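Below is one structure, written out as structure tokens; comments come after it.
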Amino acid sequence: MSRLLQIGGLLIAAASAAVCDNQAAKAVKAPPPPKPAPARSAPRGGGAGNPKMGPALVNPAAPAVRLYQASPQDRDRVIEKMPPGQQVRIRKQLEYYDNLPPGQKAIMLQRVQRFDALTPEKRRGFAQQLRTMNELPQDRRQAVARALRRLGVMPEAQRVIVLNSDAFKNEFSPEEQKIISGLSEVMVPDGQ
């Protein structure tokens, strides 16, 4: 009887080993799951190739913005007088601008013109809204920036519909809505 139990135990062990080997073989033959794409850091504000979004949000008071329309020689003369770290940042911003399609360059220049036309009080308010946006958690800051960039390429009638929609009000907190409203005075074209 003991011999019979030993043989039964061996058969069960062999059967379970065979089942495990079969499952292991299937697992080995199954293709590995696709690896997630490595995270790439896009240029600040994202790329310029998305036609449903305007160009990156750049502070219209930034030093690089003042050099958008300058000749390469004039740019170099101004940049050479700056600290090395600032030179690198400004050159990257100018490279971003130079690689934009003409329509998006025009949007960037319009932003500068609208900012320059603001009263000093409104400029301070704009700067405060920009600081408030930059203090948001990264995911919310990116969501607000994407919303502004999308609004920037919409006709005005469509912008009004989007800004008054329940979806917009549900997606953004009252503070974020205030930021979008405050920044849109400069970042979103008039009467488009």
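Could you tell me whether segment 38-52 includes any residue that is within 25 Å of Arg149 (Cα to Cα), among the aliphatic types (A, V, I, L, M) and at pLDDT 85 or above? Within segment 38-52, none of the residues are within 25 Å of Arg149 (Cα to Cα), among the aliphatic types (A, V, I, L, M) and at pLDDT 85 or above. Per the listing Arg77, Arg66, the residue uniquely at pLDDT 85 or above, surrounded by fewer than 16 Cβ atoms within 10 Å (Cβ to Cβ), over 22 Å from the mean Cα position of the chain (by Cα) and more than 28 Å from Met133 (Cβ to Cβ) is Arg77. Summed over segment 138-169, the residues that are touching a residue at least 24 places away in the same chain (Cβ under 8 Å) and either among the polar types (S, T, N, Q) or not in a helix (DSSP H, G or I) (or both) give a count of 4. For segment 174-189, give me each residue that is surrounded by 12 or more Cβ atoms within 10 Å (Cβ to Cβ) and without any contact (Cβ under 8 Å) to a residue 24 or more places away in the chain. Result: Gln177, Ser181.
The values are calculated or read from the model by the stated rules, or taken from the named source; none is laboratory data. Bear in mind the structure is a predicted one, so any value in this text is a computation, not a measurement. Glycine gets a Cβ as well: all are built from the backbone with ideal geometry, and neighbour counts include every protein chain shown.
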